[in-house]
Amino acid sequence: MSLIKTKAGYLVMLICILLLTLTPLLAGCDNGDEDGEPTATPVTSFELSGTIDEAGSTSVQPLAELMAADFMKIHPKVKINISGGGSSSGVKACAAGTVDIGAASRDIKITEPDLIPHCIARDAVAIAVHPSNPVSELTVDQVAAIYEGTINNWSEVGGNNENIVVVSREEGSGTRDCFESKVTKDIKDDALFYDSNGAVKTKVSSESKAIGFLSLGYVEGLKAITLDGVDPTPESCASGDYPVLRRLYLLTIEVPTGAIKAFLEFCRSEEGQAIAASEGYIALNK
């Protein structure tokens, strides 16, 4: 009988010890979010650290830089290096493992390596001219004719009697890929070719007779042409009314983990998408 009492007392004491140990842990499980709403930014249970190298599309670059800046404020032990080079360059660098993340402003082609795309925003390719150009509206067919070389003077589309200076992106550019798929693949040989959205913007802003195509995020300071009666605005792009649209991607060679996974989740989070919308891109939830 005494043995039973001894065992019973021992069990009661053991249960009390376990309850005292587990009580603070169980209390810590309550995050205070009674309605279960998701947080704006993904939360990690450990401190992130490391370096992430990203390269590719110059359309994605300015958006990725802003997202990275905010992410690094949240995770100061993570360093993100971002450079341009174009979509094809980003695809190749990611596939080769020379960067952790590639950037592309177009879909991956079937002839390219099998990478994992992570869409972070949508974008329009705007047709732009110098602010002093009186032409403010064109059709897709007229833009195609200008780039193909069958329309060569601004007077043919309601402008001044001046030869049109055609400005294009280089082969391999995601912006050019979108333009070719929506407008024309037959860009004339004597067009001026540039390797970034920034270079196209610089040329069009300094040449009153120029026309160029570039990411909507770069169009500030230029005159964006109304295309088929639709202005390239976030609203017309979100509705699908603007005719030259595309998705912007970050790419990985494998399923991301650690800091890379956290950064990609941040880009697609409410906070990341608010950055996209504030810069003139189209958020994924629009």
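No lab work stands behind these numbers, since they all come straight from the coordinates. Note that the structure is a prediction, hence the values are computed from the model and not measured. Glycine gets a Cβ as well: all are built from the backbone with ideal geometry, and neighbour counts include every protein chain shown.
For the reader, a short list of remarks on this structure follows.
- Shown is the FRET efficiency for Lys185 and Leu66, computed with R0 = 41 Å from the Cβ-Cβ distance and rounded to the nearest 0.05: 0.80.
- Ordering of 239-251, 56-68, 257-269 by packing is 56-68, 239-251, 257-269, highest average first (other Cβ atoms within 10 Å, averaged per residue).
- For Glu148 and Glu112, a Förster radius of 22 Å and the Cβ-Cβ distance give a FRET efficiency of 0.20, rounded to the nearest 0.05.
- Vicinal HN-Hα couplings computed from phi for the range 222-238 (Karplus, 6.51 cos²θ - 1.76 cosθ + 1.60; Hz; Gly/Pro x): 10, 9, 7, 6, 6, 10, 6, x, 10, 6, x, 10, x, 5, 5, 6, 4
- Amide H within-cut-off set for Glu137, under 5 Å, with H built and near neighbours excluded: Thr226
- Amide hydrogen proximity for Lys79: with H placed 1.01 Å from N in the peptide plane, the residues at 5 or more positions away or on another chain lying under 5 Å are Gly50, Thr51, Ile52.
- The alpha-carbon atoms of the range 124-245 define a convex hull whose volume equals 89 cubic angstrom per residue.
- Part-to-part distance (alpha-carbon centres) for the range 267-282 and the range 133-191, which is given in Å: 30
- Rounded to the nearest Hz, the phi-derived 3J(HN,Hα) couplings of the range 177-190 under the Karplus curve 6.51 cos²θ - 1.76 cosθ + 1.60 (θ = phi - 60°) are 4, 5, 4, 5, 6, 9, 10, 7, 8, 9, 7, 5, 5, 8, where x marks glycine and proline.
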